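Below is one structure, written out as structure tokens; the observations come after it.
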Amino acid sequence: MTASLIRSGYQQRTRLLRCTTSIPNLHHNVNRPTNNNSVGAANQNSIAITSRCYSSALPIDAIKSSIKSSLLEQASKKDSPFWDERTNTIPLNGLNGHSRAVDLEQHLSDVSDDVDAPINKPDPLDEWFLESASLSSMNRVRSGRQLPEGVAPLDPHVNDPFFLSHPDVNDISATIGNDLVGTDHPVLNSAARYFFSGENGNGKGKQVRPVMVMLLSRAMMHMNSQLETSTPQLSHTLKSQRRLAEITEMIHTASLFHDDVIDDADTRRGQPAAHRAFGNKMAILAGDYLLARASIYLARLRNVDVVECMSTTIEHLVRGEVLQIKDSRTGVADMEGYLRKNFYKTASLMANSCKSAALLNHASPQVVDAAYRYGKHVGVAFQLIDDALDFEGSAASLGKPALADLNAGLSTAPVLFAAESHGDVLIPAMARKFKEAGDIDLALQCIQETDGVQRTKELAAVHAKMAMEAVVGALEQSPYRDSLVHLASRVVDRSR
């Protein structure tokens with residue numbers, strides 16, 4: 001597979017390779033005993049061939065750029081074999097001549113003797129509900145922000161998501177910083193703990209992912225009446241779920257270290273980005289170190305379904321960055337491709353963390369699927385609101401400069417919505433990554449004329465509604481279930 005992906009880049013080197021392989025044969029002929037006239041002729045031929053070879057050779061930078069472009073183009077395609085597990089493993093019918101069909105949804109115990117079969121069924125990512133964000137349907141979508149039937153109104157002391165989850169998550173950052181990421185290297189130690197030990201509270205972020213994991217866990221326990229009595233099993237389950245929440249936050253924070261280096265960001269969570277404080281190399285190493293520590297604690301959960309599920313999120317983070325790099329090179333993205341990239345970068349971790357919480361709780365397949373869909377749609381909504389806030393928020397409220405995406409040359413959802421009707425003037429500016437004078441003002445004008453920010457919020461509301469319906473349809477009524485509904489609503493209505 002790798003050879004087929006880079007073949008187009010190496011085709012441009014064919015003449016150079018041919019030349020370099022022919023020269024040794026020529027030298028071999030020169031060294032043979034022969035008369036002086038033939039030696040002189042051979043030397044002249046060697047010089048002439050060498051001159052032709054190097055005069056026709058491509059610069060090494062051009063070769064590297066061609067190969068990189070070819071790889072990015074292949075890897076960014078939705079159905080690219082680059083990411084297909086089947087192209088990187090032994091075929092199922094190739095083991096000792098035996099052939100066996102494997103159902104992707106079977107439990108691990110049914111496929112334990114087949115290391116090539118994935119446990120978790122891949123998400124086709126083929127439905128984004130874009131039609132629901134059209135201008136003609138805005139009134140209908142707004143009605144979707146109402147709470148589903150049977151959900152109690154928000155009560156700060158009964159079903160508020162951050163109130164209910166506080167006993168479980170209030171010290172997660174301290175636990176990670178003090179107990180889980182310790183190292184004897186002082187600089188790496190400080191860098192790895194950078195977002196877990198902020199004295200003013202900015203460093204730890206919103207902690208939405210741990211909140212989701214713990215609320216889902218307790219909502220499922222309520223269904224099974226596990227919360228009524230204190231048992232060793234309850235203690236073990238809560239400890240495992242708490243560790244999963246910590247792992248989720250570690251993976252997310254590691255991605256921030258890497259993202260900020262790639263994007264050359266200046267601030268994060270109201271303070272200097274990690275690479276501004278420690279340098280690029282140490283920031284990257286700190287991110288790698290967090291992923292390594294997260295992987296160790298993930299393995300200690302002793303649940304291979306969860307290990308595969310959470311490991312997938314790390315692959316997805318890479319896929320999302322590959323898609324963003326491609327978009328940054330061309331400046332233009334389509335809306336479905338953009339949402340797919342957002343799923344890989346943001347929603348996948350939420351979706352698979354929620355799914356893992358259900359797997360740790362030994363929930364039914366229906367509840368596992370609902371947990372995944374809840375996390376997925378909350379994640380999509382979360383990133384869409386981030387896109388909208390980039391145009392409406394301030395540096396103080398966002399923890400980063402306003403219009404940061406536009407200034408970085410990124411075309412987010414409001415821009416892509418505006419490009420649907422103003423593509424003739426907006427797409428050239430997108431391709432230039434808004435680098436020419438007046439490009440950003442043009443983009444802002446187009447977004448305002450097309451209600452791009454509002455349509456982005458409406459699409460976020462659609463996904464929040466899908467998240468609410470997922471948990472309401474699968475979980476019994478309880479303050480924990482209702483708090484998950486209110487969390488989805490709060491994601492859409494937040495201002496930072």
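The values are calculated or read from the model by the stated rules, or taken from the named source; none is laboratory data. Note that the structure is predicted; figures quoted are calculated from it, not measured. With ideal geometry, Cβ positions are generated from the backbone for all residues, glycine too; neighbour counts draw on all protein chains shown. Accessible surface areas use protein heavy atoms only, side chains included; no ligands, DNA or RNA. Shrake-Rupley method; radii C 1.70, N 1.55, O 1.52, S 1.80 Å.
Could you list all residues from segment 254-289 that are among the β-branched types (Val, Ile, Thr) and at pLDDT 95 or above? Steps first, please.
Applying the first criterion (among the β-branched types (Val, Ile, Thr)) to segment 254-289 yields 261-262, 267, 284.
Within segment 254-289, just Ile284 meets the criteria.
Can you work out which of the residues in segment 374-393 that are of a type in the set (Asp, Glu) and over 15 Å from Ala464 (Cα atoms) is most open to solvent (accessible area, probe 1.4 Å)?
The first filter runs over segment 374-393 and keeps only residues of a type in the set (Asp, Glu), leaving 386-387, 390, 392.
So of that shortlist, the ones also over 15 Å from Ala464 (Cα atoms) come out as 387, 390, 392.
Working: Asp387: 1, Asp390: 1, Glu392: 104 Å².
Ranking the candidates gives Glu392 first.
Is one or more of the residues making up segment 363-372 of a type in the set (S, T, N, Q) and buried (at least 23 other Cβ atoms within 10 Å of the Cβ)?
So far as segment 363-372 goes, no, none of its residues is of a type in the set (S, T, N, Q) and buried (at least 23 other Cβ atoms within 10 Å of the Cβ).
Quickly run through segment 432-469 and pick out the residues that are out of contact with any Lys or Arg (no Cβ under 9 Å at 6 or more places or on another chain), closer than 30 Å to Gly375 by Cα and not in a loop (DSSP other than H, G, I, E, B).
Ile447, Gly452, Val453, Gln454, Arg455, Thr456, Lys457, Leu459, Ala460, Val462, Met468
For segment 277-306, what are the residues that are surrounded by fewer than 17 Cβ atoms within 10 Å (Cβ to Cβ) and not small (Gly, Ala, Ser)?
Matches in segment 277-306: Asn280, Lys281, Asp288, Ile296, Tyr297, Arg300, Arg302, Val304.
Please return the ranges of helices (runs of 4 or more DSSP H) entirely within segment 152-245 where 2 or more residues are farther than 20 Å from Ala294 by Cβ, free of Cβ contacts under 8 Å to residues at least 40 places away in the same chain and open to solvent by 10 Å² or more (accessible area, probe 1.4 Å). Steps first, please.
On the way: elements: 161-169, 172-175, 186-192, 208-223.
Filter on segment 152-245 gives 161-169.
Is there a residue in segment 428-445 that is within 22 Å of Ala351 (Cβ to Cβ) and among the aromatic types (Phe, Trp, Tyr)?
To start, the set of residues in segment 428-445 that are within 22 Å of Ala351 (Cβ to Cβ) comprises none.
Checked segment 428-445: no residue is within 22 Å of Ala351 (Cβ to Cβ) and among the aromatic types (Phe, Trp, Tyr).
What number of residues within segment 286-302 satisfy the criterion of being more than 28 Å from Val187 (Cβ to Cβ) and either outside any loop (DSSP other than H, G, I, E, B) or in contact with a Ser or Thr (Cβ under 8 Å, 6 or more places away or on another chain) (or both)?
Initial filter on segment 286-302 (more than 28 Å from Val187 (Cβ to Cβ)): 301-302.
Now narrow it down to the ones that are either outside any loop (DSSP other than H, G, I, E, B) or in contact with a Ser or Thr (Cβ under 8 Å, 6 or more places away or on another chain) (or both): 301.
Residues in segment 286-302 being more than 28 Å from Val187 (Cβ to Cβ) and either outside any loop (DSSP other than H, G, I, E, B) or in contact with a Ser or Thr (Cβ under 8 Å, 6 or more places away or on another chain) (or both): 1 in total.
Are there helices (runs of 4 or more DSSP H) fully within segment 350-411 with at least 3 residues that are modelled with pLDDT of 95 or more and out of contact with any Phe, Trp or Tyr (no Cβ under 7 Å at 6 or more places or on another chain)? List them. Let's see the steps before the verdict.
Numbers: elements: 365-392, 395-398, 404-407.
Fully inside segment 350-411 and qualifying: 365-392.
Does Gln324 count as in contact with a helix residue (DSSP H, G or I) (Cβ under 7 Å, 6 or more places away or on another chain) and open to solvent by 10 Å² or more (accessible area, probe 1.4 Å)?
Working: in contact with a helix residue (DSSP H, G or I) (Cβ under 7 Å, 6 or more places away or on another chain): yes; open to solvent by 10 Å² or more (accessible area, probe 1.4 Å): yes.
Here the answer is yes, as Gln324 does meet what is asked.
Every residue in segment 437-491 that is under 15 Å from Phe382 (Cβ atoms), of a type in the set (S, T, N, Q) and open to solvent by 10 Å² or more (accessible area, probe 1.4 Å), please.
Correct list: Ser489 only.
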